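Chemist: Please see the structure below; I have some questions.
The values are calculated or read from the model by the stated rules, or taken from the named source; none is laboratory data. Note that this is a predicted model, so its numbers are computed, not measured. Cβ: placed from backbone, ideal geometry, glycine included. Neighbour counts: every protein chain shown. Heads up: the accessible areas ignore ligands, DNA and RNA and are worked out on the full protein's heavy atoms, side chains in. Shrake-Rupley method; radii C 1.70, N 1.55, O 1.52, S 1.80 Å.
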Amino acid sequence: MSLLAGCGAAEEQFDPWDTGDVITGAGGGSGSGVWTGGPDGEDGEDGSGGVGGGWPSGKLGPPYPIVLAHGFFGFEDFAGAGYVSYFYNLKQTLAEGGEAVYTPSVDPFNSSAYRGAQLLARIEQILAATGHEKVNIIAHSQGGLDARVVAHERPDLVASVVTVATPHLGSKVADIALQLVAHERLQDVLDDLLNAIGAPLYDQIGNETSVFASLEQFSTPGIAEFNAEYTDAPGVFYASFGGRTDRAIGGSDCLALDPAPFVAQFDEGLDPVHPLLSLTETILDGGFGESIPNDGLVRARDARWGNFWGCLPADHFDEIGQLFGQSPGEGNTWLYIDFYRAVIERLRQEGL
């Protein structure tokens, strides 16, 4: 079950096959970047712009709304707890600072082609509701692959994709898991089991859902196929972070040409791995005599994409404030909420 790390909730729930409902986010996030016409604030020659005119498209510009995209096994309300969210307590906290934040939910068990189509539908709802032209997507784990699908298919709707511990180059854990359940009949049985578990948690789970669609995508051949199909879109800003736990320092896998200052301040921090991730961390670490930095599920080298901004002293749970907002571990001063605040501030500095 450690493969299901990052379990929790996305805080809004939608019908994955019906986009009729407008979603509700949190925070203000007014369109302070409204375009008002020509260089001097007057109407352009084509008559667009003017007061309340928005960008030339007639829509609001930056600062763009924030979409938090959840990873594998994400749910609206975990086990009916009513308070367990995937990005633990993050949306509400950011909203207090005036940010407009949305946490759309997608199928917890499926390929990113499937989940990405669902995420795109949610983003279209967000833009229809807010009047903005684009969104910034900050994604964890598989959510980063979903976000790349959206950006590839509709780059006109996405200003940036920032990923945290996303297996852009696959996961050795997935390769091993697929070897353990190589028999097709066993895969069907486990899919049925996860559907039975998932249905009460994600009440709109569909018959097409499959944990093996996700695992096959994370595998070495699967991710190669994914990357060949979903290339980066011109005009979209891409950045990424890796994670390091088990008190790893990082090394060359964590070196960044343009390190984010808010990550560099934690360069000396060491994270004790969560017991639930100790086995998979050992697998990814490389064994005796090696030390490959990873967060317990994703190696730092596999999380690098676009502008790599460094490694977080955090395991796969700590990166999203799980479990239940607990401390990242004794001696670790990492603060996940401050991290996401800083990411958004960096995006604002980029004009996004």
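Chemist: Less than 20 Å apart at the alpha-carbon level, and either on another chain or at least 8 residues along: which lysines does that give for Lys59?
Modeler: Within the straight-line limit of under 20 Å, Lys59 reaches these lysines: Lys134.
Chemist: Shifting gears a bit: Quote to one decimal, in nm, the extra length available between Gln92 and Ala228 on full extension: 0.36 nm per residue of separation minus the C-alpha distance between them. Intermediate results must be reported in sequence, preceding the final value.
Modeler: Numbers: separation 136, 0.36 × 136 = 48.96 nm, distance 3.70 nm.
Additional length available on full extension: 45.3 nm.
Chemist: Of all the accessible heavy-atom surface of region 210-352, with the other protein chains kept in place and a 1.4 Å probe, what percent is carbon and sulfur?
Modeler: Working: 3550 of 6250 Å².
Of all accessible area on region 210-352, carbon and sulfur atoms account for 57 percent.
Chemist: Could you tell me how far the Cα centroid of region 247-325 sits from the Cα centroid of region 105-128, in Å?
Modeler: If we compute the Cα centre of each part, the gap is 27 Å.
Chemist: Sorted by average packing, counted as other Cβ atoms within 10 angstrom per residue and highest first, what order do 333-341, 259-267 take?
Modeler: Working: 333-341: 17.7, 259-267: 15.2.
Answer by packing, highest mean first, reads 333-341, 259-267.
Chemist: Hey, rough spin-label estimate for Ala128 and Ile283, points 7 angstrom out along Cα→Cβ, what's it come to in nanometres?
Modeler: Placing both labels 7 Å beyond Cα along the Cβ direction yields 4.1 nm.
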